[in-house]
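Asks: Got a structure here, written out as C-alpha coordinates. Questions coming.
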Amino acid sequence: MSADRHFFDTNILVYTFDRREPEKAHRATVLVHSALQTGQGIISYQVVQEFVAVARKPFRIAMTFDEIQKFWEKTLRPMTQVHSSPALFMRAFEICRVNQTSWCDSLIIAAAIQARCKILYSEDFQHGSQFGDLVVENPFR
(Lines give C-alpha, C1' and ligand atoms only; values in the text may rest on other atoms or scores of the structure.)
Protein backbone atom coordinates (compact mmCIF):
# COMPACT_ATOMS: atom_id res chain seq x y z
CA MET A 1 0.00 0.00 0.00
CA SER A 2 1.16 3.48 -0.79
CA ALA A 3 2.36 5.86 1.93
CA ASP A 4 0.37 8.61 0.19
CA ARG A 5 -3.11 9.62 1.23
CA HIS A 6 -5.65 7.41 -0.51
CA PHE A 7 -9.40 7.44 -0.94
CA PHE A 8 -11.65 4.39 -0.77
CA ASP A 9 -14.65 4.02 -3.03
CA THR A 10 -17.61 2.29 -1.39
CA ASN A 11 -17.01 -1.03 -3.15
CA ILE A 12 -13.71 -1.56 -1.32
CA LEU A 13 -15.45 -1.31 2.05
CA VAL A 14 -18.28 -3.59 0.91
CA TYR A 15 -15.77 -6.25 -0.12
CA THR A 16 -14.49 -6.49 3.45
CA PHE A 17 -17.73 -8.39 4.15
CA ASP A 18 -17.89 -10.40 0.92
CA ARG A 19 -18.01 -14.10 1.71
CA ARG A 20 -18.47 -15.04 -1.95
CA GLU A 21 -15.15 -13.54 -3.04
CA PRO A 22 -12.64 -14.36 -0.29
CA GLU A 23 -9.61 -13.08 -2.22
CA LYS A 24 -11.21 -9.66 -2.70
CA ALA A 25 -12.41 -9.69 0.91
CA HIS A 26 -8.89 -10.37 2.14
CA ARG A 27 -7.30 -7.69 -0.06
CA ALA A 28 -9.94 -5.11 0.94
CA THR A 29 -9.54 -5.97 4.63
CA VAL A 30 -5.76 -5.56 4.42
CA LEU A 31 -6.13 -2.18 2.70
CA VAL A 32 -8.66 -0.89 5.23
CA HIS A 33 -6.69 -2.18 8.22
CA SER A 34 -3.52 -0.51 6.94
CA ALA A 35 -5.43 2.72 6.27
CA LEU A 36 -6.63 2.80 9.85
CA GLN A 37 -3.14 2.13 11.22
CA THR A 38 -1.44 4.79 9.10
CA GLY A 39 -4.24 7.36 9.12
CA GLN A 40 -3.75 7.77 5.35
CA GLY A 41 -7.11 6.29 4.27
CA ILE A 42 -9.90 8.76 3.53
CA ILE A 43 -13.60 8.45 2.76
CA SER A 44 -16.45 10.93 2.39
CA TYR A 45 -19.91 11.03 3.88
CA GLN A 46 -21.19 9.91 0.48
CA VAL A 47 -19.21 6.68 0.89
CA VAL A 48 -20.67 6.17 4.37
CA GLN A 49 -24.20 6.68 3.07
CA GLU A 50 -23.66 4.29 0.16
CA PHE A 51 -22.11 1.67 2.45
CA VAL A 52 -25.04 1.77 4.89
CA ALA A 53 -27.53 1.47 2.02
CA VAL A 54 -25.72 -1.59 0.66
CA ALA A 55 -25.12 -3.14 4.09
CA ARG A 56 -28.81 -3.11 4.92
CA LYS A 57 -29.59 -5.20 1.85
CA PRO A 58 -28.84 -8.90 1.90
CA PHE A 59 -25.62 -8.29 -0.06
CA ARG A 60 -23.96 -11.35 1.39
CA ILE A 61 -25.66 -11.38 4.75
CA ALA A 62 -27.56 -8.22 5.64
CA MET A 63 -25.94 -6.38 8.50
CA THR A 64 -27.96 -5.30 11.52
CA PHE A 65 -27.99 -1.67 12.57
CA ASP A 66 -25.84 -2.63 15.57
CA GLU A 67 -23.25 -4.22 13.27
CA ILE A 68 -23.28 -1.20 10.98
CA GLN A 69 -22.92 1.15 13.93
CA LYS A 70 -19.95 -0.83 15.24
CA PHE A 71 -18.33 -0.69 11.78
CA TRP A 72 -19.07 3.06 11.66
CA GLU A 73 -17.39 3.66 15.01
CA LYS A 74 -14.29 1.52 14.41
CA THR A 75 -13.72 1.92 10.69
CA LEU A 76 -15.81 4.46 8.84
CA ARG A 77 -15.77 7.35 11.31
CA PRO A 78 -11.97 7.52 11.65
CA MET A 79 -11.61 7.72 7.85
CA THR A 80 -14.50 10.11 7.16
CA GLN A 81 -12.81 13.41 6.41
CA VAL A 82 -14.75 14.87 3.48
CA HIS A 83 -18.13 16.46 4.06
CA SER A 84 -20.60 17.79 1.53
CA SER A 85 -20.07 21.45 0.72
CA PRO A 86 -20.76 23.94 -2.05
CA ALA A 87 -17.08 23.75 -3.06
CA LEU A 88 -17.24 19.96 -3.34
CA PHE A 89 -20.34 20.20 -5.52
CA MET A 90 -18.78 22.83 -7.77
CA ARG A 91 -15.71 20.67 -8.30
CA ALA A 92 -17.94 17.63 -8.97
CA PHE A 93 -19.93 19.61 -11.57
CA GLU A 94 -16.69 20.46 -13.36
CA ILE A 95 -15.42 16.87 -13.21
CA CYS A 96 -18.77 15.62 -14.53
CA ARG A 97 -18.71 18.10 -17.40
CA VAL A 98 -15.06 17.59 -18.40
CA ASN A 99 -14.79 13.82 -17.91
CA GLN A 100 -18.33 12.73 -18.74
CA THR A 101 -18.53 10.79 -15.46
CA SER A 102 -21.74 10.15 -13.55
CA TRP A 103 -22.72 12.53 -10.79
CA CYS A 104 -21.99 10.01 -8.02
CA ASP A 105 -18.61 9.12 -9.52
CA SER A 106 -17.80 12.82 -9.93
CA LEU A 107 -18.51 13.38 -6.24
CA ILE A 108 -16.14 10.53 -5.33
CA ILE A 109 -13.38 11.98 -7.51
CA ALA A 110 -13.98 15.50 -6.19
CA ALA A 111 -13.85 14.28 -2.59
CA ALA A 112 -10.58 12.42 -3.20
CA ILE A 113 -9.06 15.51 -4.82
CA GLN A 114 -10.31 17.78 -2.03
CA ALA A 115 -8.67 15.45 0.52
CA ARG A 116 -5.40 15.70 -1.45
CA CYS A 117 -5.31 11.96 -2.05
CA LYS A 118 -2.89 10.54 -4.60
CA ILE A 119 -4.73 7.23 -5.06
CA LEU A 120 -8.41 6.39 -5.49
CA TYR A 121 -8.96 2.71 -4.72
CA SER A 122 -11.93 1.54 -6.77
CA GLU A 123 -12.98 -1.08 -9.26
CA ASP A 124 -15.61 1.25 -10.74
CA PHE A 125 -13.13 3.32 -12.74
CA GLN A 126 -10.56 2.28 -15.31
CA HIS A 127 -7.33 1.25 -13.60
CA GLY A 128 -4.67 3.90 -14.16
CA SER A 129 -7.10 6.71 -15.00
CA GLN A 130 -5.92 10.10 -13.82
CA PHE A 131 -7.79 13.13 -12.62
CA GLY A 132 -5.08 15.72 -12.06
CA ASP A 133 -2.69 14.21 -9.51
CA LEU A 134 -5.22 11.54 -8.50
CA VAL A 135 -4.65 8.07 -9.95
CA VAL A 136 -7.23 5.27 -9.91
CA GLU A 137 -5.99 1.92 -8.68
CA ASN A 138 -8.07 -1.24 -8.81
CA PRO A 139 -6.63 -3.25 -5.91
CA PHE A 140 -8.12 -6.47 -7.28
CA ARG A 141 -6.28 -6.38 -10.60
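Asks: Could you count how many residues in the stretch 6-27 are modelled with pLDDT of 95 or more and part of a loop (DSSP other than H, G, I, E, B)?
Replies: Matching residues across the stretch 6-27 total 1.
Asks: Here is a follow-up. Quick one: count up the residues across the stretch 72-87 that are touching a helix residue (DSSP H, G or I) at 6+ places or on another chain (Cβ under 8 Å), over 13 Å from Asp9 (Cα atoms) and either hydroxyl-bearing (Ser, Thr, Tyr) or buried (at least 19 other Cβ atoms within 10 Å of the Cβ) (or both).
Replies: Total meeting the criteria: 2.
Asks: Taking the residues in the stretch 28-65 that are among the hydroxyl-bearing types (Ser, Thr, Tyr) and at pLDDT 90 or above as candidates, determine which candidate is surrounded by the most Cβ atoms within 10 Å (Cβ to Cβ).
Replies: That would be Ser44.
Asks: Still on this structure: I'm trying to understand the selection: among the residues of the stretch 41-71, which are touching a strand residue (DSSP E or B) at 6+ places or on another chain (Cβ under 9 Å) and in a helix (DSSP H, G or I)?
Replies: Selection gives Tyr45, Gln46, Val47, Val48, Phe51.
Asks: Within the stretch 104-121, count every residue that is buried (at least 17 other Cβ atoms within 10 Å of the Cβ) and assigned to a helix (DSSP H, G or I).
Replies: Final tally of qualifying residues: 10.
The values are calculated or read from the model by the stated rules, or taken from the named source; none is laboratory data. Because the structure is predicted, anything quoted here is derived from the model rather than measured. Reconstructed Cβ throughout: ideal geometry from the backbone, glycine too, with neighbour counts over all protein chains shown.
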